[in-house]
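Colleague: So that we are looking at the same thing, I have put the structure below in C-alpha cells.
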Amino acid sequence: MTRAVSRLWTLIPLAVLAALVGLFAISSLRRQPDISPDALVGRPLPGITLPTLVGGEAVPLRSAVEGPTLVNVFASWCTPCEVEHPELVKLSQSGVRVVGLAYKDDPAKTTAFLNRLSDPFATVLVDREGRAGIELGITGVPETYLVDGAGVVRAKHAGPLTPEHAGTLLAQARSLP
Amino acid sequence: MSALCPVSCGDGASAAEMSPGFKLGARGGRGVALALLAAASCLAAAPAPSPAPTPAPAEAPASAPAQEARARALFKEIRCVVCQNESIDSSQAEIAEDLRRVVREQVAAGRSDGEVRAFLVARYGEFVMFRPAFSPGNAALWLTPFLVVLGGLALVVGRERGVAPVAPLNAEEAERLRTLNETEPFNRNVT
C-alpha cells in the first residue's frame, strides 16, 4: 500500500515534465517569434513637427490629435496599406478622427493614392525621410496608433487592419474620454 | 508582428518569411488570404525599395575615425527591427540604414553610448538591444532559478540535520534481536 503510494509520488515529476513539454510544444508552435515593439504605448506622442500634405505648413504631430485619434502610418508604395484602406474609411465614417502619416513617400504619389482610393484622413502629415517613423518606433508600414485626447498613445497595431482589429480599436477609442 | 511591408529585408525570400503567416493564419481563411496578399504585395513592392525622392548621399561614414568606430561598435549591439536576428551593422533593410544614420548623427553630436542606447530603447523597447541591461527585472528573471536551486539545497540540508539520530537498542531489545537471529537465522534477507 505505502509502496504503491510512494511510486505514485515518483511519477508526479514525470507527469509535470510531460505536461510542460506539451504546453511548450503547443505554445511555441503557435507563437510568432517576431516581436512588434510597442514601447510608445502608455507614453505621449513624440514632439515632432511635420509638414502637412495639403498646404505644407509645419505642424506639431501632437496638435493633429483632437480627442481620441487614430494615427495611421502609410505609404502609396505599400500595398498592405491599400488592403487596409476600407477599414480606415469605415473608422472615419463611424466618427473617429483618423490622421495619416505618409512615410517615406513622394507627396505627389501620396495625393494620387488618396485620390484613387478616397481620403479617410482628417489631415495627412508628410514624413519624407522616415524620421518620424523612428520616433514612433515603427518597423514597417502600415502601423496604426490609438492616441487619447491628452496625446498619450493607448494602443498600437502593426500591419494592415483587418475588420477585427479595426473593431477592437474602435471600441478602445470609444472607451477613451 | 504581421503583414507589414518590411521595407525589404535584403532579398525577396527573406521578405516573404518576414511577412504575415502564422499569426494571421490561425484566425481562419480570411486572415490567410489577407496575409498571402500582403506577402505577395510586399514582394511586388520590393523592387522599388527607395521611395525617398532624393536618396540621401548613401551611408556616409562619420568624418572622424574615432566617431565612426564608436558608431560601428554600437551598430553591432542594435537589433534590426525588421530582420530581427540581424544587427543594424549587417542588415540591408532600409530601416536599418535609417537607424545607422540616426546613431551616427547622435555620436557626432557628442552623445554618449549610453544616451544613444537610451534613445533607441525609448522608441523600440529593450528588445532592440542584443545585450539586455542589468535592470532589477532582468536580474530577477535570470537569478531566480539559481535562488530556487539554492533554496532547495538549503531545504535538503536542513532536513538531513533535523532527523533525530536513531536511539541505540536497550537491553531488552538487544536480547530479543539476538534470540531472533539465533532461532530464525534463515529469515534474514540474504541476497
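Colleague: As a test of the definition: with a 1.4 Å probe, what buried accessible area, both sides summed, do you compute for A against B, in Å² to the nearest 100?
Modeller: Counting protein atoms only, the buried area is about 3300 Å².
Colleague: If you take the charge dipole of region A:39-176 about its Cα centre, with +1 on Lys and Arg Cβ and -1 on Asp and Glu Cβ, which of A:ALA155, A:LEU136, A:GLN93 is farthest toward its positive end?
Modeller: The residue sitting farthest along the positive end of the dipole is A:ALA155.
Colleague: Chain A: longest stretch without exposed GluC sites (Glu not before Pro) (DSSP loop, at most 12 other Cβ within 10 Å), sites themselves excluded? Write out the running numbers ahead of the final one.
Modeller: Numbers: sites that count: A:GLU57, A:GLU66.
That gives A:67-177 as the longest site-free run.
Colleague: Specify the inter-centroid distance of region A:94-123 and region B:142-163, based on alpha-carbon positions, in whole Å.
Modeller: A separation of 62 Å, based on Cα centres.
Colleague: Taking region A:19-72, which trypsin sites (Lys or Arg not before Pro) meet the DSSP loop condition and have no more than 12 other C-beta atoms within 10 Å?
Modeller: Values: sites: A:ARG30, A:ARG31, A:ARG62; in loops: A:ARG31.
Qualifying residues, ordered by number: A:ARG31.
Colleague: Follow-up. Given only helices, namely DSSP H runs of n ≥ 4 each adding -39500 (n - 2.57), what is the per-residue ellipticity at 222 nm of chain A, to the nearest 500 deg cm²/dmol?
Modeller: -13500 deg cm²/dmol
Colleague: Return the residues of region A:48-93 for which accessible area with all protein chains present is lower than in the chain on its own by 20 Å² or more; set the probe to 1.4 Å and exclude ligands, DNA and RNA.
Modeller: A:TRP77, A:THR79, A:PRO80, A:VAL83
Colleague: Also: Inside 10 Å of the C-beta atoms of A:27-36, what's the mean count of C-beta atoms belonging to other chains?
Modeller: Working: counts 0, 0, 1, 4, 2, 9, 4, 14, 8, 7.
Counting Cβ atoms of other protein chains within 10 Å of each residue's Cβ and averaging gives 5.
Colleague: While we're looking at this one, here's another question. What does the accessible area per residue of region A:1-55 come to in Å², with a 1.4 Å probe and no ligands, DNA or RNA counted? Before the final figure, lay out the partial values.
Modeller: Values: 4280 Å² over 55 residues.
With the other protein chains kept in place, region A:1-55 gives 78 Å² per residue.
Colleague: Using the Cα centre of chain A as the reference point, and only Cβ charges (+1 on K/R, -1 on D/E), how large is the resulting charge dipole? Debye, rounded to the nearest 20.
Modeller: Dipole magnitude for chain A comes out near 840 debye.
Colleague: Sticking with this one: Arrange the peptides B:108-119, A:13-24, B:72-83 so that the one whose residues have, on average, the most other Cβ atoms within 10 Å appears first. Mind showing how you got there, number by number?
Modeller: Working: B:108-119: 13.8, A:13-24: 10.0, B:72-83: 20.9.
For the peptides B:108-119, A:13-24, B:72-83, the packing ranking is B:72-83, B:108-119, A:13-24.
Colleague: Relative to the Cα centre, what is the charge dipole magnitude of region B:101-191, using +1 at the beta carbon of each Lys and Arg, -1 at the beta carbon of each Asp and Glu, and rounding to the nearest 20 debye?
Modeller: 800
Colleague: Would you list, by chain and number, the aspartates and glutamates whose Cα falls below 14 Å from the Cα of A:LYS109, excluding same-chain residues fewer than 8 positions away?
Modeller: Correct list for A:LYS109: A:GLU82, A:ASP119, A:ASP127.
Colleague: Would you be so kind as to identify which of A:LEU11, A:TRP77, A:LEU169 lies farthest towards the positive end of the dipole of chain A, taking Lys and Arg as +1 and Asp and Glu as -1 on Cβ and the Cα centre as origin?
Modeller: Selected residue: A:LEU11.
Colleague: Work out the length of the dipole vector of region B:121-173 about its Cα centre, built from +1 on the beta-carbon of each Lys and Arg and -1 on the beta-carbon of each Asp and Glu, and round it to the nearest 20 debye.
Modeller: Computed charge dipole of region B:121-173: roughly 520 debye.
Colleague: Further question on the same structure: Have a look at B:PHE146, B:PRO136, B:ALA108 and report the one farthest towards the positive end of the charge dipole of region B:93-165, computed about the Cα centre with Cβ charges (Lys/Arg +1, Asp/Glu -1).
Modeller: Comparing the listed Cα positions along the dipole, B:PHE146 ranks first.
Colleague: Where only protein heavy atoms count, and the probe is 1.4 Å, what is the accessible area per residue for region A:113-177 in Å²?
Modeller: Each residue of region A:113-177 exposes 35 Å² on average to a 1.4 Å probe.
The values are calculated or read from the model by the stated rules, or taken from the named source; none is laboratory data. What you are looking at is a predicted structure, and each value in this text was computed from that prediction instead of being measured. Quick reminder, even Gly has a Cβ in these numbers, built from the backbone with ideal geometry, and neighbours come from all protein chains shown. Side chains included, ligands, DNA and RNA excluded: accessible areas come from the protein's heavy atoms. Shrake-Rupley method; radii C 1.70, N 1.55, O 1.52, S 1.80 Å.
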